[in-house]
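Trainee: Please read through the structure below; I'll follow up with questions.
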Amino acid sequence: MKTRIAIFASGSGSNAQKLMEHFKRSDDAEIVLVLTNNPDAYVLQRADNFEIPTHVFNRDEFYRSEEIINLLERLDIDLIVLAGFLWLVPKTLIQKYPGRIINIHPALLPKYGGKGMYGDHVHNAVIAAGETEGGITIHYVNENYDEGEYIYQGRYRIEKDDNLEMVKFKGQNLEHTQFPKVIESVVKKLKK
Ligand code: GRF
């Protein structure tokens with residue numbers, strides 16, 4: 001039986017795309033659903049291109065009902081991957097999927113994490129601090145933003161004259177190559 005993965009994303013979904021490409025060819029796992037809080041998110045188009053079903057939800061549905069959990073259970077979801085998902089995951093969902101929700105963050109946590117630290121805010125803060133090294137963190141999700149146990153951290157060099165675009169580019173490259181591999185390794189561990 002393949003591990004059944006649901007992806008939550010709020011925006012472009014370039015990482016979701018890499019996961020969809022990777023697991024399309026995998027014998028271990030498959031992406032069976034893409035969920036978003038944002039009806040305009042480009043990730044919806046990407047999922048359509050892979051013929052993966054999507055679900056758009058609002059705040060009430062996510063925080064005040066059991067609808068999302070019911071949907072995930074109905075589809076026998078084993079693993080949840082957050083790929084650029086901006087809302088805090090409610091406790092009820094974390095309790096249903098202990099150790100089975102994973103997030104990717106575009107910085108070397110615990111630095112540059114927490115509420116409001118997403119997208120360009122992260123990279124701008126890293127540049128403003130004069131860091132010579134950037135990185136990414138892939139981690140389990142607990143009830144606080146960006147605080148669960150780390151699974152993987154990867155690093156890249158920041159040169160003196162690197163601007164926002166350059167830092168973003170380096171970070172994204174690392175995310176795109178590592179995220180599918182790390183999720184694959186988590187899937188293999190879950191099967192043992
Ligand atoms: C990524 O940088 C990820 O680390 C963060 O949100 C961004 C999502 O980008 N959590 P994309 O939507 O996958 O292009």
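Trainee: Looking at (1) touching a residue at least 24 places away in the same chain (Cβ under 8 Å); (2) over 28 Å from Lys191 (Cβ atoms); (3) within 16 Å of the ligand (Cβ to nearest atom), which is the one condition that is false for Phe50?
Mentor: (2)
Trainee: Which condition breaks for Leu35 when tested against (1) within 28 Å of Thr177 (Cα to Cα); (2) assigned to a helix (DSSP H, G or I)?
Mentor: (2)
Trainee: Let me ask something else about it. Would you mind stating whether Leu75 is surrounded by fewer than 19 Cβ atoms within 10 Å (Cβ to Cβ) and within 20 Å of Asp28 (Cβ to Cβ)?
Mentor: Spelling it out, Leu75 is indeed surrounded by fewer than 19 Cβ atoms within 10 Å (Cβ to Cβ) and within 20 Å of Asp28 (Cβ to Cβ).
Trainee: Give me the residue from the range 114-127 that is in a loop (DSSP other than H, G, I, E, B) and surrounded by fewer than 19 Cβ atoms within 10 Å (Cβ to Cβ) and, out of that set, nearest to the ligand (Cβ to nearest atom).
Mentor: Met117
Trainee: I've got another one for you. Since Ile68 meets every condition but one in (1) without any contact (Cβ under 8 Å) to a residue 40 or more places away in the chain; (2) crowded, with 20+ Cβ neighbours inside 10 Å; (3) within 16 Å of the ligand (Cβ to nearest atom); (4) not in a strand (DSSP E or B), which condition does it not meet?
Mentor: (3)
Trainee: Hey, does the range 91-107 have a residue that's of a type in the set (A, V, I, L, M, F, W, C), assigned to a loop (DSSP other than H, G, I, E, B), modelled with pLDDT under 95 and within 15 Å of the ligand (Cβ to nearest atom)?
Mentor: no
Trainee: Which is within 15 Å of the ligand (Cβ to nearest atom) and either free of Cβ contacts under 8 Å to residues at least 60 places away in the same chain or surrounded by 15 or more Cβ atoms within 10 Å (Cβ to Cβ) (or both), of Gly134, Gly130?
Mentor: None of the others qualify; the one that does is Gly134.
Trainee: Sort through Phe62, Phe57 and tell me the only one that's over 19 Å from Leu190 (Cβ atoms), out of contact with any Pro (no Cβ under 8 Å at 6 or more places or on another chain), among the hydrophobic types (A, V, I, L, M, F, W, C) and surrounded by fewer than 21 Cβ atoms within 10 Å (Cβ to Cβ).
Mentor: Phe57
Trainee: Pairs, please: C-beta under 7 Å, at least 6 apart or cross-chain, first residue within 20 Å of Phe57 (Cβ to Cβ) and touching a residue at least 12 places away in the same chain (Cβ under 8 Å) and in the range 8-29, second part of a helix (DSSP H, G or I) and among the acidic types (Asp, Glu)?
Mentor: That search, which allows pairs on different chains as well, returns Asn15/Glu175.
Trainee: Restricting attention to the range 142-155, which residues are buried (at least 17 other Cβ atoms within 10 Å of the Cβ), in contact with a Gly (Cβ under 6 Å, 6 or more places away or on another chain) and modelled with pLDDT of 95 or more?
Mentor: Hit for the range 142-155 is Gly154, nothing else.
Trainee: So, in the range 49-62, of the ones that are assigned to a helix (DSSP H, G or I) and under 18 Å from Leu75 (Cα atoms), which residue ends up nearest to the chain's Cα centre (by Cα)?
Mentor: Among residues in the range 49-62 that are assigned to a helix (DSSP H, G or I) and under 18 Å from Leu75 (Cα atoms), the one nearest to the chain's Cα centre (by Cα) is Phe62.
Trainee: Going by what's in this entry, would Ser26 be described as within 16 Å of the ligand (Cβ to nearest atom) and either buried (at least 21 other Cβ atoms within 10 Å of the Cβ) or assigned to a loop (DSSP other than H, G, I, E, B) (or both)?
Mentor: no
The values are calculated or read from the model by the stated rules, or taken from the named source; none is laboratory data. Since we're looking at a predicted model, the values are computed, not measured. Virtual Cβ from ideal backbone geometry, glycine too; neighbours counted across all protein chains shown.
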